[in-house]
Amino acid sequence: MAIFPQGKTTLEGELTLFASRWDPLLFGLDYNHSFENLLRALGTQYYVISPGEDTGVNLFQLDDSPALRSHLFDMVLTMAGGGSEAEQRQIRYSIDAVMEHSVVENRGMSLLIQNIAPTEDENSLYVRLAKWCRICPDGSSGRYAWVSDAAINQFDPKKFRRLAFDCTRIMQKSFFMKNPEVMEIFLNNMFFLKRLMHESQPANMLLNIIAECWI
């Protein structure tokens, strides 16, 4: 089937509407609100992501599992910009400590940073991770805390059938060229949520809509 330069969104919308007859799960990453009206009409919970505004995402508060801990390790290591063997052990220990905390609502990067000892090194693990934390031990808040350290996680994949995010503002070149790590963390978290959503409802077909994926 040939897809021509003009009318791609219209065609994609028609295909999505046609597939809706099978009542599929739906996950979308939108751009310029191209699919917003259609997705909302299909009962999709639709959110707009804006730099500096809390995304509502905190994966530490999901149900514990080996897959989650593995993803959290990759996420925190990416936040740190990589790490030595000693730093990786410290990250893994800190994640385990957070996940074993009895109060789920307290879990998150703001709790994890409490297990990382601050040093005078300006490039220490503590300094590299602090910018991702909503509340640091010294009372400060990191510039990227809005990405994945929400006070309360709003996205339980077991409770969603149709979920979409408009990512226009963080995908604009003026933002992502200066903040590539934000895009990596956010998109990896979104795809992980999508995976859990599908795994919790395996009998259902999952329809993925990635608008303007070339961006």
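The values are calculated or read from the model by the stated rules, or taken from the named source; none is laboratory data. Because the structure is a prediction, the values reported are computed rather than measured. Note that each Cβ is placed from the backbone with ideal geometry, even for glycine, and that neighbours are counted across all protein chains shown. Keep in mind that these areas ignore ligands, DNA and RNA; they rest on the heavy atoms of the full protein, side chains included. Shrake-Rupley method; radii C 1.70, N 1.55, O 1.52, S 1.80 Å.
Worth a mention:
- Search result, residues across region 187-200 that are surrounded by 15 or more Cβ atoms within 10 Å (Cβ to Cβ) and either more than 8 Å from the chain's Cα centre (by Cα) or not in a helix (DSSP H, G or I) (or both): K194, R195, L196, M197, H198, S200
- Scanning region 75-91 for residues that are assigned to a helix (DSSP H, G or I) and of a type in the set (A, V, I, L, M) returns M75, V76, L77, M79, A86, I91.
- Single residue of region 201-215 satisfying the filter (open to solvent by 60 Å² or more (accessible area, probe 1.4 Å) and outside any loop (DSSP other than H, G, I, E, B)) that is nearest to L42 (Cα to Cα): N208
- Of all residues in region 94-109, those being exposed (fewer than 12 other Cβ atoms within 10 Å of the Cβ), assigned to a helix (DSSP H, G or I) and either touching a Gly at 6+ places or on another chain (Cβ under 9 Å) or without any contact (Cβ under 8 Å) to a residue 24 or more places away in the chain (or both) number 0.
- Residue tally, condition touching a residue at least 24 places away in the same chain (Cβ under 8 Å) and either among the β-branched types (V, I, T) or open to solvent by 40 Å² or more (accessible area, probe 1.4 Å) (or both), over region 149-164: 6
- Residue that is modelled with the highest pLDDT, among those in region 7-30 that are hydroxyl-bearing (S, T, Y) and open to solvent by 40 Å² or more (accessible area, probe 1.4 Å): T10
- Within region 42-87, the set of residues being open to solvent by 40 Å² or more (accessible area, probe 1.4 Å), closer than 28 Å to N123 by Cα and in contact with a Phe, Trp or Tyr (Cβ under 8 Å, 6 or more places away or on another chain) comprises P51, G52, E53, D54.
- Search result, residues across region 126-148 that are open to solvent by less than 60 Å² (accessible area, probe 1.4 Å) and either under 9 Å from S110 (Cα atoms) or not aromatic (F, W, Y) (or both): R128, L129, A130, W132, C133, C136, S140, G142, A145, V147, S148
- Scanning region 174-186 for residues that are open to solvent by 30 Å² or more (accessible area, probe 1.4 Å) and more than 26 Å from L77 (Cβ to Cβ) turns up at least one hit.
- Residue match in region 161-178 (condition: among the acidic types (D, E) and modelled with pLDDT under 90): no
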